[in-house]
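Comments concern the structure below.
The values are calculated or read from the model by the stated rules, or taken from the named source; none is laboratory data. Just so you know, these numbers come straight off a predicted model, no measurement behind them. Ideal geometry is used to build each Cβ from the backbone, glycine not excepted, and the neighbour counts take in all protein chains shown. Accessible surface areas use protein heavy atoms only, side chains included; no ligands, DNA or RNA. Shrake-Rupley method; radii C 1.70, N 1.55, O 1.52, S 1.80 Å.
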Amino acid sequence: MSNEFQPEVKKLKTTDEDIVKPAEEKRCKFFVQRKKRFCKITVGKTKEYCGEHEVILMKTNPENDSQELLTDRIPCPYDPKHSVYQKKLTKHLRICNSRPKDKPKYISTGLNARSSDDDDDCQDTEENSPTKLSEIDVDIVEGLILKIENLYKEFVEGTLEELILENEILREECKNPIYGAPTLKHLLQTSSILGYLKHFNLLDNDTSYVEFGAGRGIISYWLGKTLLRENYSNNQVLLIDKASHRHKKDNRIGEINMVQRIRADISDLVLLKLDKIDEFKKIICVSKHLCGAATDLTLRCVVNSNKEVPKIEGCLIALCCHHRCTWKTFVGKKFFQKNGFDKNSFEIVTKMVGWAICGDGMSREKRSEVATTGEIVTGHHRIPKERRMSIGIKCKRIIDYARLQYLKENGFQVSLKYYVKSDITLENVCLVAELVKCKTQVAIKQTFSNVISDLT
């Protein structure tokens, strides 16, 4: 049929009155104090509150002035952050994600968290310690600064040398133009750390390499690539981290049998009880930017493991975040106490380390107020920026030196080195530890090899 015979259809205009608006959903009336708004979960027709917030509602019994629940939901015994109907409690306890799980054999709670000779009352509480340096008496701060400067001059000054190395694979990778500055700076750090492994003869056959605080596993990825390319045999790469990260690199190494990721807190880790680790002749530990207390936990884990069987022959840790050190976990307490520091003064030192890399620590408004004076103002402490940064760096190095003394006492030859330039990262110091017995054996082998080459 042609269009000319089709009747014209008139479109009717709709008005607001013709539109049927959907009924508004009834929502929970619980006010979430943290978010400053009401809960957005919808509720049933006869309910005023959602299932999670019903459990919070209480009524007062007038007879004994006690509190009683208005609902049959109760907090979960395993995790009170969520609730469950009381009649379904038995079933919930069997499937609750927060239920206690059987500990693996390599977990011992708090094993590396503190030394056996620590005082029982050594707890990390903030009740007696001010949260800001501006709240501390200026004489106390200046006295600690003087102590730090004297210790630095006596023990640290002139001992750090710059040793910047490269890994052959990463040398080529860093030339790739697709990498931006942030990615490139991490590759350069990883390249130098892997260069250290080769420089200190820590790359070998029959070795288990353990990356502490592995994160996405960048070091392990390039380490695995290096071991495969240079034909090292019978090696294992273990990654230790307490969190599960996205976009992990360790599953891209290729030789999947040599890589294993362990989800565990370093403070609870019994290293020698990990699966198959006893099949290897030696263990090498490595980490990049292991924050604050995690470094101390790792060093204590290394020492505790070597007390059982001295298999850990080397340790490389790129240090950072000294402001996150705690007196409870710190391995260098003996050195600090010997030089007149206690828990409170140590906490003040960990606050001053931030001066090394955190600029002036002021808001834009404060910065503009003192722009003409050339001085940094923190409460009643007036310290020029250059000296402030110098003090922060010295605090870091004294903390690191105390760690070196701990390792020396436990059979390691140790040193601190600048492993990259400061324009790559301000946290550019690496702790190098080699087991003395291993170091002696390597020297003997090298001497023997030189003698044989001379004779031939």
Charge context of Lys198, other residues only, Cβ under 11 angstrom, K/R +1, D/E -1: -4
With all protein chains in place and a 1.4 Å probe, Ile164 shows an accessible area in Å² (nearest 10) of 80
Find the centroid of the Cα atoms in region 272-341 and in region 89-106, then give the distance between the two in whole Å. 31
